[in-house]
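Encoded as structure tokens, the structure appears first; notes follow it.
Every number here is computed from the coordinates shown, using simple stated rules; none is lab data. All values reported here derive from a predicted model rather than from experimental measurement. We place every Cβ from the backbone using ideal geometry, glycine too, and count neighbours over all the protein chains shown.
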Amino acid sequence: MSTEDGPGLRTTVFLKGCPLACTWCHNPESIEPRSHVEWKGVLCMGCGICAKVCPKHGITFDEDGVHTADFCEACGTCTRECPTQALELKGVNYTVDDLYATVIKDRAFWGKDGGITMSGGEATLQWEDVLAFFKKCKADGVHTALDTCGFNRRDVYEQLLPYTDIFLYDLKLFDDAEHVKYTGQSNKIIFENFEWLAGTDARIWVRTPIIPGATDTDENIKGLAGIVRDRVEKWELCSFNNLCVDKYERLGKEWDFKGKGLIAKARMEELTALAQASGSPIAFWSGATALEN
Ligand code: SF4
Ligand code: SF4
């Protein structure tokens, strides 16, 4: 959980599991729908306690460090016993009631505009629980935001709409073949759901990650501008960053964007101006940029 994303000060709940596989994903730990153990090499002193305490004998060592087996049941024994906190359990099982009781403790920090954001992974993969959670929020007057990639059945969004104060809706790539190439899925259902949602009275913030060599082309921004237009509250072009590189290393995964630097400020301004000139005056950009223009 964290306190960012969406209007006001908020608590964000990251649910695991995602139907897309964006090659630039900045939350790779949330793609897997199940809990897992992460190893932080800089904290490990090589004592071997984790391997001794694992009831499944699922921990091995080699020159690259500590590895947990696919059959790890995420029981958390090794993470509790590790003397240096080099192992961390990612993903905790909650009931809706327990999660609500945990999150509502932050209420004093939210202020009048803040509240709770359900994010991921893709929050709507567990939409029945999100719906039950949001119903509790609305019964208590808590502001709700749903961060979604738009890739789910229409009726899921129809059921969530009455309990969602704002949708944070990702639109990534206009060209369907490019969308398949970079996310593993077609954008058809995402655009169809967006068209429907934009025709309701829902508050919507659209966000587009500006990824070098993938989403940062003039054609993509022009295409998306024709879809977004001025039908939503905001359209945020989020500048690429490489802060997640450590996450990929901890997961033992390669990241296609490892060597990529930040995008120049002038290019972000150019893309924003293009979005505005292409029919979407509400576009703006955010995030870190390279010092040189
Ligand atoms: S118990 Fe912790 S410090 Fe010891 S080897 Fe395992 S991960 Fe490293
Ligand atoms: S979480 Fe449990 S099963 Fe998984 S590696 Fe650690 S001790 Fe073994």
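Quick notes on this one:
- Inter-label distance for A266 and S35, nm, one decimal - labels placed 7 Å from Cα along Cα-to-Cβ: 5.1
- Three-way shape label, segment 36-90, alpha-carbon gyration tensor, a/c 1.5: rounded
- Nitroxide proxy distance, nm - points 7 Å out along Cα→Cβ at R80 and D64: 3.0
- At most 12 other Cβ within 10 Å, DSSP loop - trypsin sites (Lys or Arg not before Pro), segment 256-292: K258
- Cα centroid separation, segment 28-67 to segment 71-123 (Å): 19
- P(r) tail, the chain: Cα-Cα pairs separated by more than 37 Å, 20% of all pairs.
- Separation in nanometres of the label points that stand 7 Å from Cα toward Cβ, at A51 and E88: 2.4
- Counting neighbouring Cβ atoms within 10 Å and putting the fewest first, the residues C78, C50, C44 line up as C44, C50, C78.
- Considering all C-alpha pairs of segment 153-248, those separated by over 18 Å amount to 49%.
- When M268, M45 are arranged by Cβ crowding within 10 Å, least crowded first, meaning fewest neighbours, the order is M45, M268.
- Per-pair calculated FRET efficiency, R0 = 30 Å: A132 and T200 via Cβ, rounded to 0.05: 0.90
- Exposure proxy for Y248, Y169, Y94: other Cβ atoms within 10 Å of each Cβ, ordered fewest to most, give Y94, Y248, Y169.
- Extension gain from D176 to E158, taking 0.36 nm per residue of separation minus the Cα-Cα distance: 4.0 nm
- With the biggest extent put first, the Cα atoms of segment 52-168 measure 51, 35, 23 Å across the principal axes.
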